Amino acid sequence: MLSLYLHIPFCAQKCAYCAFTSFPVPPLSKWGAEGGGFFDAYLTELKKEIEFYGNKFPGEEIKTIYIGGGTPNLIWAENIISIINEIKKYFNTESVAEYSFEFNPFPQEEIYSIIKKLNAAYAKESRVRFSFGIQSLDDEVLKSAGRFTPQRGAKSSFGQIVEFLRWLQQYKQENNVFNFDFIAFGKFNETRSGNLQLRDQGKLQFFENFVQSWFADSFSLYTLELSEWSKWHTLKKSDPSLQDRHCEWNEAIWIENDDLIPEEFQILKEILLESWYHRYEVSNFAHPSKNSIHNMTYRTMENYLWLGLASSSFLDKEHSKILNVLHWQREGWKGFGLRLTNTKNLNDYLASKRLDESKTIEMNSKDYLIEKFFLNFRTNQWIKDINEFKEILVPNYEKKIENYINQWFIFGVAPLWKGKRRDLPATHFKLTDSGMDVFNTIITDLMQEI
Ligand code: SF4
């Protein structure tokens, strides 16, 4: 069984904090009725890649299909459906558990039209998930980040988000799961009494009301992490006077404060937990049974193919063997799986030079265990046998885990024996909510290397 992710690396404009591989292009509507030829070349290559893997794994059952980006709504419903039809030619899609689509909220009418078409096309499927990148309700953040511009079909900010959400309710059908992405930017003000509070209390109240309405099935909540490739990072680096300043605006540049970002995350997280969204992964919250099925396939090391520019796939031992035309596949190979990464170079991808062989990793048992522990531990799933990971953990890991249990960062249970708890140390572990908050610290402390 495989899960498929298809990457659409285009956006109407580059967000100032973005480090993903995506290129700014005008939306399809600006290219005229036929959509111009720009996307066609990319979609043709994407379909060739589907065909390549389809021929390797003919009739393989597909668990989930995820169209992500970038901004997939730029290519419109017709192209999204044609990509999925291509998948259906080669693979068994009879029992796909989830179709997911990542959209930005604008231009509003175009988004509704795409949702309507996709909902009609997949009305009989068990789940159609739409994930909307809202990111922030703060006008200054959104404008500075370049998320509210005419290029994106957005003229104002907060008011337009409210408008988008209000009308969105009409388009939700029974098999839909609606997810909303937010980022904690850490934007606080000092009050007269000297305390810090989130800059805009009215927007915070709106967020709370929205969460409490239960219209959303799930939320992704991230903390702002500026990669060195992002515009904000480059701007900050280019001006030495900005280096030591935090939490302020300077010519529309957001100067992030590393301490305040987790503080905002805590505020937003509490609102979600109080409204019964459970935290099923460090950055993800959902109502029961509304977890992203696709995202959990990564966390549990199931087979998935990421197709498109700069994509990275994982195939287990059995599936890796099937790709034996690849030259690194040797006779008698004892690997545990393959991590395959596609090129980041658009011209290379368009010339069918898809794979970046320098980044292809044949995973040995240690590589496999490192990834498995790192990914499993981010979720609310149990690590069922910690001894399985012994060789990648620090020598005194048992003592450390015991300390974390005492501090309520890790939840541990002992095995049951004849219905009674045996007097043995815990072997089943998972992070508590506070543990998830400091996931990076705990994982670095427990693992020999990451
Ligand atoms: S919409 Fe997403 S992928 Fe596109 S530029 Fe913004 S953050 Fe990057």
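Every number in this text was worked out from the coordinates using simple rules, so none of it is lab data. As the structure is a prediction and not an experimental result, all values here were calculated from the model. Heads up, the Cβs are rebuilt from the backbone with ideal geometry, glycines too, and the neighbour counts pull from every protein chain shown.
Listed values, structure above:
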| read-out | value |
| --- | --- |
| LYS334/LYS390 FRET efficiency (R0 22 Å; Cβ-Cβ; nearest 0.05) | 0.65 |
| Mean separation of Cα contacts under 8 Å (6+ apart) over length of the chain, as relative contact order % | 14 |
| The chain - share of DSSP beta bridges that are antiparallel (%, nearest 5) | 45 |
| Neighbourhood charge, 9 Å Cβ-Cβ cut-off, centred on ASP348 and excluding it, Lys, Arg +1 and Asp, Glu -1 | +2 |
| Full-stretch length increase - ALA414, ILE267 - with 0.36 nm per residue and alpha-carbon distance subtracted | 49.6 nm |
| Protection-proxy order for peptides 350-358, 6-14, each taking the mean of Cβ atoms within 10 Å per residue, highest first | 6-14, 350-358 |
| 222 nm mean residue ellipticity, helices alone, for the chain (DSSP H n ≥ 4; -39,500 (n - 2.57); rounded to 500) | -10000 deg cm²/dmol |
| Total formal charge among the other residues, if their Cβ is under 11 angstrom from that of PHE210, Lys/Arg +1 and Asp/Glu -1 | +1 |
| GNM flexibility winner over the chain from ILE383, ILE267, ILE75 (Cα, springs under 10 Å) | ILE267 |
| Computed label-point distance, nm, for sites THR360 and HIS278 using a 7 Å Cα→Cβ extension | 4.1 |
